[in-house]
Amino acid sequence: MNTKTPKIAEYLSLFVMTTITILAIYNKQISVFYILYLFWIDEFLKTVFDRLRYQFKRSQIQNPEAFFSNTKNRLFFLMIYIVFIIVFFGLMIDWNNTDLVLGNFEVFFFKNALFNFSLITFLLREIYLYINNNSYTEAHHLISKGIITLHVSLILGMFIWFLIKKEFIVFENYVTVFAIIPFLLLKVFFEFQEIRERHTNRNDN
């Protein structure tokens, strides 16, 4: 199986997500909740399609029991993360800003066009990989780089919220840029590393 095309699909999805996020920053249609929820859905979709691989492509999996256990554990932690993301980043940190809270709810209920387009690219990527790439014999790891990105982003988000609460007026006109760019850089760096390592390991095998 040629792994070049699946790898291109993964890089293309990352590029499109990055471009759309930059556009959302430019149009001021983004918040910390937006970016964290986006990262969460990306990992959730990967986990869902791992579960589909276990269900319908089990014969291609080297260790089905470990595969299923890893997928189940990832889903458990993702459920914990989403509660924290919704309560803390969707409501608490923007509680005094009605427009931001309403904007977060629009994102959550898929009423933000840029956010939805990013999700479509994630979904198309996973469908394409599921159909065309039979070399996925290992589930995305519980401590994958995507999960690490999400975990670090949650900590970073709380830190940025603390800085904003301190009201650094010198950054007032650039709050969105300073708040979102670090998350985006983390995502691009870790996702790039994960894609490269995964396909390197497959080529070695």
Quiz prompt | Positions within segment 83-96 being surrounded by fewer than 18 Cβ atoms within 10 Å (Cβ to Cβ) and free of Cβ contacts under 8 Å to residues at least 60 places away in the same chain, in sequence order | solution = Val83, Val87, Leu91, Met92, Trp95, Asn96
Quiz item: Do you know which residues across segment 60-72 are closer than 16 Å to Tyr130 by Cα, of a type outside the set (Ser, Thr, Tyr) and either loosely packed, with under 15 Cβ neighbours inside 10 Å or modelled with pLDDT of 85 or more (or both)?
Solution: Gln60, Phe67
Quiz prompt | Candidates Phe39, Phe33, filtered to the one that is open to solvent by less than 70 Å² (accessible area, probe 1.4 Å), within 20 Å of Asp99 (Cα to Cα), under 15 Å from the mean Cα position of the chain (by Cα) and in contact (Cβ under 8 Å) with a residue 24 or more places away in the chain | solution = Phe33
Quiz item: Out of the residues in segment 15-30 that are of a type in the set (A, V, I, L, M, F, W, C) and within 20 Å of Phe110 (Cα to Cα), which is nearest to the chain's Cα centre (by Cα)?
Solution: Met17
Quiz prompt | Any pair with Cβ under 9 angstrom, 6 or more apart, that starts in segment 18-29 at a residue that is within 15 Å of Ile120 (Cβ to Cβ) and among the hydrophobic types (A, V, I, L, M, F, W, C) and ends at one that is in a loop (DSSP other than H, G, I, E, B) and open to solvent by 70 Å² or more (accessible area, probe 1.4 Å) | solution = Leu23/Gln29
Quiz prompt | Which listed residue, of Lys57, Lys7, is within 18 Å of the chain's Cα centre (by Cα), among the basic types (Lys, Arg) and open to solvent by less than 80 Å² (accessible area, probe 1.4 Å) | solution = Lys7
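The values are calculated or read from the model by the stated rules, or taken from the named source; none is laboratory data. This is a predicted model, so every value here is computed, not measured. Ideal geometry is used to build each Cβ from the backbone, glycine not excepted, and the neighbour counts take in all protein chains shown. Please note that ligands, DNA and RNA were not included when accessible areas were found on the heavy atoms of the full protein model with its side chains. Shrake-Rupley method; radii C 1.70, N 1.55, O 1.52, S 1.80 Å.
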